[in-house]
């Protein structure tokens, strides 16, 4: 109650004259009452009125800052906590609020500034995660990994720390170093399908086809959106893992939505070609020629299919015709004729 707050009194009797201190106390009391019943906007109005009568009282400023924060008025909250600090409140609590507000306002320099002040005020406070996150966002991966490794010690259950370490290594294309940190993050927070999918792509990048497929499927099970990009990567993962029919089936789902997607058509054609299923490969390269009659590469590969099928003359004719359209394809022919060469 207000009567217990030093320097303030109850509201005066009707007709009385309010001093600045009494007025500040009166509106502080009203603000506390509104806060107690959950009327945050009303409590803020009263704290602002109290502050107008006494703008150097730490009790009012603390309540006002908290009210601004609760209503996501972050700039006002930060200015109020800074005023508290200027009045001599150098507590870890005030610095922590300033650090959190700097995070919300994306003011990176201030995040580091106030994180260090928190640590100075209370050496037991855990601030490494905040510094590590800023360094990661700045692409300072070495400093990020150092700070986030410390954050993992400070809070072993914080999944974000190993995740950002994993991303740091991945952004440096150090994929093998990234894997154990992705796995650690997923173990701590298994309900993040996008993390699982990112791990799948890491395995894809290092040609670990079995694990790439495993984690792509797991990501979908956990709710990752099965959009065209996902289906394309999943289809390729099946192809790379040796499951031609499943891979083609999934890529076929994309072609129902995007029937003239040249990349997918060519991918399916190549998959059939390298599995020796030449009639199916021809069908898909023919579809490319329907959309692009001048596609010399597709024509050349159709010629190769016929040669593989034993129809040498027809196949050679088509390959030569393709080379006339695009002379650079002659290099493929020369490679085929070299010892050990061939498609």
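Using r as the Cβ-Cβ distance of residue 55 and residue 173, and R0 as 51 Å, what FRET efficiency do you calculate, to the nearest 0.05?
Efficiency, rounded to the nearest 0.05: 0.40.
Cα axis of helix 262-274 to longest principal axis of the chain: angle in degrees, 0 to 90, nearest 10?
Compared with the principal axis, the helix lies near 50 degrees.
Take the Cα coordinates of segment 63-189, assign each an equal point scatterer, and use the Debye formula without solvent to give log10 I(q)/I(0) at q = 0.13, 0.18, 0.21, 0.23 Å⁻¹.
Here log10 of I(q) over I(0) equals -0.57, -0.93, -1.10, -1.21.
Need one word for segment 98-143: rounded, prolate or oblate. Basis is the Cα gyration tensor (sqrt eigenvalues a ≥ b ≥ c); a/c below 1.5 gives rounded, then a/b vs b/c decides.
oblate
What value, in deg cm²/dmol to 500, does the helix sum -39500 (n - 2.57) over DSSP H runs of n ≥ 4 give at 222 nm once divided by the residues of the chain?
Estimated from H runs of four or more residues: -23000 deg cm²/dmol.
Which of rounded, prolate, oblate describes segment 144-220, given a ≥ b ≥ c as roots of the alpha-carbon gyration tensor eigenvalues and a/c under 1.5 marking rounded, otherwise prolate only if a/b is larger than b/c?
It comes out oblate by the Cα gyration axes.
Which distance in Å, rounded to a whole number, links the C-alpha centroids of segment 43-65 and segment 131-171?
Rounded to whole Å, the Cα centres lie 38 Å apart.
Give me 149, 328 sorted ascending by neighbouring Cβ count inside 10 Å, so fewest comes first.
Final ranking by Cβ density, sparse to dense: 328, 149.
What are the semi-axes of the equivalent ellipsoid of segment 242-293, taken as the square roots of 5 times the eigenvalues of the Cα gyration tensor, listed largest first and rounded to whole Å?
17, 14, 7
In cubic angstrom, how much convex hull volume per residue do the alpha carbon atoms of segment 154-267 span?
Dividing the Cα hull volume of segment 154-267 by its residue count gives 98 Å³.
Please rank 164, 152, 262, fewest neighbouring Cβ atoms within 10 Å first, as an exposure proxy.
By the 10 Å Cβ count, ascending, the order reads 262, 152, 164.
If packing is taken as the mean number of other Cβ atoms within 10 Å per residue, what is the order of 210-218, 50-58, highest first?
Output ranking for 210-218, 50-58: 210-218, 50-58.
Rounded if a/c is under 1.5, else prolate if a/b is larger than b/c, else oblate: which is segment 208-257, with a ≥ b ≥ c the root eigenvalues of its Cα gyration tensor?
Oblate is the answer for segment 208-257, as a/c is 1.5 or above yet b/c matches or exceeds a/b.
Per the Debye formula with a single identical scatterer at each Cα and no solvent contribution, what log10 I(q)/I(0) holds for segment 213-343 at q = 0.09, 0.12, 0.18, 0.19 Å⁻¹?
Here log10 of I(q) over I(0) equals -0.31, -0.52, -0.97, -1.04.
If you take the Cα Rg of the chain and divide it by 2.2 N^0.38 Å, with N the number of residues, what do you get?
1.64
Where a number appears in this text, it was derived from the coordinates with a stated rule and is not lab data. Being a predicted model, the structure only gives us computed values, none of them experimental. Glycine also receives a Cβ, built like all others from the backbone with ideal geometry; neighbour counts cover every protein chain displayed.
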